[in-house]
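Structure record follows, encoded as structure tokens.
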Amino acid sequence: MRQLFLMNLCSVAGYREIADLTANAEVRTFADVVARQRMAQCRALAERYGWPSHTPYDAEPAAAELRIIWLRALWALEQGEYGTFAEGLETAESILEDACLRAAQAFRGSLIAGMFEEHAMSVCGVRECLDEMVDGLCHPDVAGIHSAA
């Protein structure tokens with residue numbers, strides 16, 4: 001549970017950084033919305049289990065590894081390497097989705113299992129939206145999306 005909580009915090013930070021790095025209002029708004037949504041989920045877990053929401057990512061190896069993936073993806077965004085950025089985002093979101101599904105399986109039959117299943121579906125939905133947005137970054141003349149980098 002704590003590992004998943006920290007992985008979500010890592011995701012929040014990643015989306016906040018995407019919002020800071022892009023000049024495109026659509027991408028920035030999307031990243032802000034995802035960050036707020038995930039932060040709300042983190043708060044719910046923190047309140048339920050009494051965890052501080054400012055815990056460092058390296059408190060759990062899986063969260064630290066996820067942060068490294070996010071940092072590589074963000075670096076690629078800064079460099080305008082949108083394909084690499086997309087691959088990093090896909091990897092990060094897949095890891096988070098899998099962790100949510102494993103948590104749901106571990107707590108099968110309980111109310112919290114449903115919460116993790118909903119979170120996994122949300123991550124999946126975000127991945128689908130990101131695919132479209134990153135495609136726009138790769139083809140800015142067509143989609144009109146530009147990075148600040």
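Could you tell me which residue of region 1-23 is nearest to GLU132 (Cα to Cα), considering only residues that are in contact (Cβ under 8 Å) with a residue 60 or more places away in the chain and buried (at least 20 other Cβ atoms within 10 Å of the Cβ)?
So, considering only residues that are in contact (Cβ under 8 Å) with a residue 60 or more places away in the chain and buried (at least 20 other Cβ atoms within 10 Å of the Cβ), the one nearest to GLU132 (Cα to Cα) is THR22.
Counted as qualifying within region 1-117 are the helices (runs of 4 or more DSSP H) with 2 or more residues that are over 13 Å from the mean Cα position of the chain (by Cα) and of a type in the set (A, V, I, L, M), namely 25-49, 61-79, 82-106.
When the criteria are applied in full, ALA86 fails the requirement of being touching a Cys at 6+ places or on another chain (Cβ under 6 Å), of a type in the set (Gly, Ala, Ser) and at negative phi. Could you please let me know if MET133 is closer than 24 Å to MET7 by Cβ and at pLDDT 85 or above? It is false that MET133 is closer than 24 Å to MET7 by Cβ and at pLDDT 85 or above. One residue alone among GLY114, GLY88 is without any contact (Cβ under 8 Å) to a residue 12 or more places away in the chain and either of a type outside the set (A, V, I, L, M) or closer than 18 Å to ARG2 by Cα (or both), and that residue is GLY114.
Out of ALA120, ALA104, ALA92, ALA59, which single residue is modelled with pLDDT under 85 and hydrophobic (A, V, I, L, M, F, W, C)? The conditions single out ALA59.
The set of residues in region 24-44 that are of a type in the set (A, V, I, L, M, F, W, C) and either surrounded by fewer than 19 Cβ atoms within 10 Å (Cβ to Cβ) or within 19 Å of LEU66 (Cβ to Cβ) (or both) comprises ALA25, ALA31, VAL33, VAL34, ALA35, MET39, ALA40, CYS42, ALA44.
The values are calculated or read from the model by the stated rules, or taken from the named source; none is laboratory data. Bear in mind the structure is a predicted one, so any value in this text is a computation, not a measurement. No Cβ is skipped: glycine too gets one built from the backbone with ideal geometry, and neighbour counts run over all protein chains shown.
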